[in-house]
Amino acid sequence: MIGPSRTPQPGAPESVSDLLVEMDRLGIAEALVYHSVARWYSPTDGNAALLQELKGNPRLHPCWVVVPHHAGEMPSPADLVKQMLDAGVRAARVFPEEHFFFLEPWCFGETLAALAEARIPLLVDWGKRHWSEALRGWPAIQQVCEAFPQLPVIVVREGIAVDRFVGALIARHQKLFLETSYYMGHRALETFVGRFGAERLLFGTGMPLYDPSEPIGMLLTSGLNGDAARSIAGGNLRRLLNAVRPS
Amino acid sequence: MKSKPSEIEHPIVDSHAHLGAWGRFRIPYPDDEIMIQTLDRCGIAAACVSHNLALGVDWRAGNQRTLAALDRNPGRLAGYFVVSPHAPAAQIESELNHFLSHPGMCGLKFHTDLHAYPFSGPGYEPALEYAHSHRLPILTHGWESPQTLERTASRFSEARIILAHAGAVWNGRDEDPNLRVAKEMPNVWVDICGSVAYFGALPRLVDLLGPKKILWGTDCTWFDPGPALMRVLAAGLSHAETSMILGENAVAVLGLAAWLQRAASE
């Protein structure tokens, strides 16, 4: 995320230039970013600001924050996807709980269908702060993956408590992915890769709220071979972004 | 990154780790054999463990399992004796005398949440008295309030109280009265073991408390130690601060120097 924060962390990057400095320090080549204004003020204002601020930065890939169109605050799903593709935006992010809507097809289905048609990956953020919080959202994820099997769905900030059910979903839905910024159980990455392969995990940091060094440490000490680690570190996300269909 | 594990001359010691399964979720590698391999992979010399069975349903059987793991891994695993505040005082004293005579036992562990018992309740008094009279560390998950903590640390002034997770859950921004107590009381420390790490919080914590008040822990085998290790190594701390946090402080506070030295010479 770029942009001002309601609760700025000490030393955390808010601008593009500060984020690039931090990425250089940590050895991160590229990042998918959304704008704080899109999350905490207005999706459309924030998405526009994102394009302005990322202009000319090939290392930072824009990700729009999306809400349902029924209330008239977003374009129709077809227009939304066209605007995204025309602007070079190849990923969307939703905060269903924070933005008071339902991810399920009865509420968000038209947007999901349009994103699926274009193969635009959808990052789902339930706003979880701790692994012990209730298992919010997973029945909705199951419904979405079932209804839109071509839609890449990336669930972010999930922790150690998902292993008893996530395998069933991963095995069932080939376009379901986990982002790794909080997936830090003992040998969790190699255990997951051993069961499902390395293609379903995407490296993420949760910057600027969370410390990016932790998911880096998780990957570097995981014992995964170079191919698997490279896939998780960036190859899988690049593949998804490159699979987005042009308008 | 200012320091790499291989550049830390002092042995890296994980002051907060666990063995055993857990009912609420799956721990894929709960036992000491794989844990030791994980420690080796991360360059961690030793870990101080309490057993999840003791924290959960059976404190006596769990502590026995800790002891068995220490015997299997001399010089690599040190143990916390988990105190059940629900047990009779005489039984706690008897068990303390038995378990703490083991050379690998480094201290006591309280878990006020899992045992659903207040830190200031009478069930913890025998253990606090024991720790005070034997100058032992207590790693406590839960202490009721900063006021209770301050009173307890004053009254049992020879006990070394380590506040589990206190340095990890802090977001680096808000005032935390628990940290004030840790800063002011000579026998209180914090550990930075925890699953959530906020951006920039660790350097702030070092500024606030000074590096000697901070112990490093991982919660392995709940969590992988790799993230916790990288959090310290990439925090931009000085080499001396990194060394203190990753090992020197644990060895000093938990009294591990002779144990480590003996293991190294064998």
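Values quoted throughout were computed directly from the atomic coordinates according to the rules given, and no laboratory measurement underlies them. Quick caveat, the model's predicted, so the values are computed rather than measured. Using ideal geometry, Cβ is built from the backbone for each residue, glycine included, and neighbour counts are taken over all protein chains shown.
Picking from A:91, A:43, A:78, whose Cα lies most toward the positive end of the charge dipole for segment A:14-135 (charges on Cβ: Lys, Arg +1; Asp, Glu -1)?
Among A:91, A:43, A:78, the one farthest towards the positive end of the dipole of segment A:14-135 is A:91.
Could you work out how far the C-alpha centroid of segment B:218-253 sits from that of segment B:142-161, in angstrom?
Here the two parts' Cα centres lie 25 Å apart.
Label points 7 Å out from Cα along the Cβ direction at residue A:59 and residue B:262: separation in nm?
Each label point is offset 7 Å from its Cα along the Cβ direction, giving 5.2 nm.
Quote the FRET efficiency, to the nearest 0.05, computed for residue B:173 versus residue B:144 with a Förster distance R0 of 22 Å and r equal to the Cβ-Cβ distance.
The calculated FRET efficiency here is 0.40.
Using the Cβ atoms and a cut-off under 12 Å, what net charge is assigned to the surroundings of residue B:169, where Lys and Arg are +1 and Asp and Glu are -1?
That works out to -2.
³J(HN,Hα) across segment A:129-142 via Karplus (A = 6.51, B = -1.76, C = 1.60, θ = phi - 60°), whole Hz, x for Gly/Pro?
Listing the rounded values in order: 9, 8, 4, 7, 5, 4, 6, 5, x, 5, x, 5, 4, 4 Hz.
Identify the GluC sites (Glu not before Pro) of segment B:3-71 meeting these criteria: DSSP loop state and at most 15 other C-beta atoms within 10 Å of the C-beta.
Of the GluC sites (Glu not before Pro), the ones in loops of segment B:3-71 whose Cβ has at most 15 other Cβ atoms within 10 Å are B:9.
State the volume of the convex hull built on the alpha-carbon positions of segment A:67-163, expressed per residue in Å³ and rounded to an integer.
Spelled out: Cα convex hull of segment A:67-163, divided by residues, is 99 Å³.
Write down the Å³ per residue value for the convex hull defined by the alpha carbon atoms of the protein assembly as shown.
Cα convex hull per residue, to the nearest whole number: 139 Å³.
Limiting things to C-alpha atoms, what are the Rg and the maximum Cα-Cα separation (Dmax) for segment B:1-136, in angstroms?
Spelled out, the Cα radius of gyration and Dmax of segment B:1-136 are 15.8, 51 Å.
Name the chymotrypsin sites (Phe, Trp or Tyr not before Pro) in segment A:1-102 that are in a loop by DSSP and that have at most 15 other C-beta atoms within 10 Å, would you?
Those satisfying the criteria are A:41, A:100, A:102.
Going by how many other beta carbons lie within 10 Å of each one, how would you line up A:175, B:109, fewest first?
Neighbour counts put them in this order, fewest first: A:175, B:109.
Evaluate Rg over Rh across segment A:1-74, taking Cα atoms for both radii and Kirkwood's formula for Rh.
Taking Rg over the Kirkwood Rh, I get 1.01.
Given the rule -39500 (n - 2.57) for each run of at least 4 DSSP H residues, summed and divided by the residues of chain B, what is its mean residue ellipticity at 222 nm, to the nearest 500 deg cm²/dmol?
That comes out to -11500 deg cm²/dmol.
Which listed residue (A:176, A:137, A:203) has the Cα farthest towards the positive end of the charge dipole for segment A:121-228, taking +1 on Lys and Arg C-beta and -1 on Asp and Glu C-beta about the Cα centre?
The Cα lying farthest towards the positive end belongs to A:137.
What percent does the relative contact order of chain A come to when contacts are Cα pairs within less than 8 Å and at least six residues apart?
Once normalised by length, the contact order is 15 percent.
At 7 Å along Cα-to-Cβ for each site, give me the label-to-label distance between residue B:238 and residue A:7 in nm.
About 3.2 nm separates the two model spin labels.
Please report, largest first and rounded to whole Å, the three semi-axes of the ellipsoid equivalent to chain B, where each semi-axis is the square root of five times an eigenvalue of the C-alpha gyration tensor.
Working from the Cα gyration tensor, I get semi-axes of 26, 23, 17 Å.
With +1 on each Lys and Arg Cβ and -1 on each Asp and Glu Cβ, and nothing else charged, work out how big the dipole of chain A is about its Cα centre, in Debye to the nearest 20.
Dipole about the Cα centre, nearest 20: 540 debye.
Relative to the present Cα-Cα distance, how much length would full extension add between residue A:199 and residue A:52 at 0.36 nm per residue of separation?
Working it through step by step, the gained length comes to 49.7 nm.
Pull up all non-local amide H partners of residue B:105: gap of 5 or more, or a different chain, and H-to-H distance under 5 Å with H placed in the peptide plane.
Residues meeting the criterion, in which the H sits 1.01 Å from N, are B:79.
If one computes P(r) from the Cα atoms of segment B:88-230, what percent of pairs lie at distances over 24 Å?
Percentage above 24 Å: 32.
Using alpha-carbon pairs under 8 Å, 6+ residues apart, how would you state the relative contact order of chain B in percent?
So the answer I get is 22 percent.
In terms of modelled amide H atoms, which long-range or inter-chain residues lie less than 5 Å from the amide H of residue A:123?
Sorted by chain and number, the residues that satisfy this are A:92, A:93, A:94, A:154.
Stretched out fully, how many nm does the piece from residue B:212 to residue B:22 gain, at 0.36 nm a residue minus the Cα gap?
65.2 nm
Once you sort the root eigenvalues of the Cα gyration tensor of segment A:128-247 as a ≥ b ≥ c, which label holds: rounded (a/c under 1.5), prolate (a/b larger than b/c) or oblate (the other case)?
rounded
Step through the residues of segment A:89-95 one at a time and calculate ³J(HN,Hα) from phi using the Karplus curve (6.51 cos²θ - 1.76 cosθ + 1.60, θ = phi - 60°), rounding each to whole Hz and writing x for Gly and Pro.
Karplus-based 3J(HN,Hα) across segment A:89-95 equals 8, 10, 7, 10, 10, 10, 10 Hz.
What is the Cα radius of gyration of segment A:16-242 over 2.2 N^0.38 Å, N being its residue count?
Normalised Rg, Cα atoms only: 0.97.
What nm distance separates the two modelled labels at residue B:41 and residue A:45, each placed 7 Å from Cα along Cα→Cβ?
For residue B:41 paired with residue A:45, the spin-label model returns 4.7 nm.
Roughly how many debye, to the nearest 20, is the charge dipole of segment B:112-266 about its Cα centre, given +1 on each Lys and Arg Cβ, -1 on each Asp and Glu Cβ, and no other charges?
Dipole of segment B:112-266, to the nearest 20 debye: 280 debye.
What dipole magnitude, in Debye to the nearest 20, does the protein assembly as shown give about its Cα centre under +1 on Lys/Arg Cβ and -1 on Asp/Glu Cβ?
640 debye
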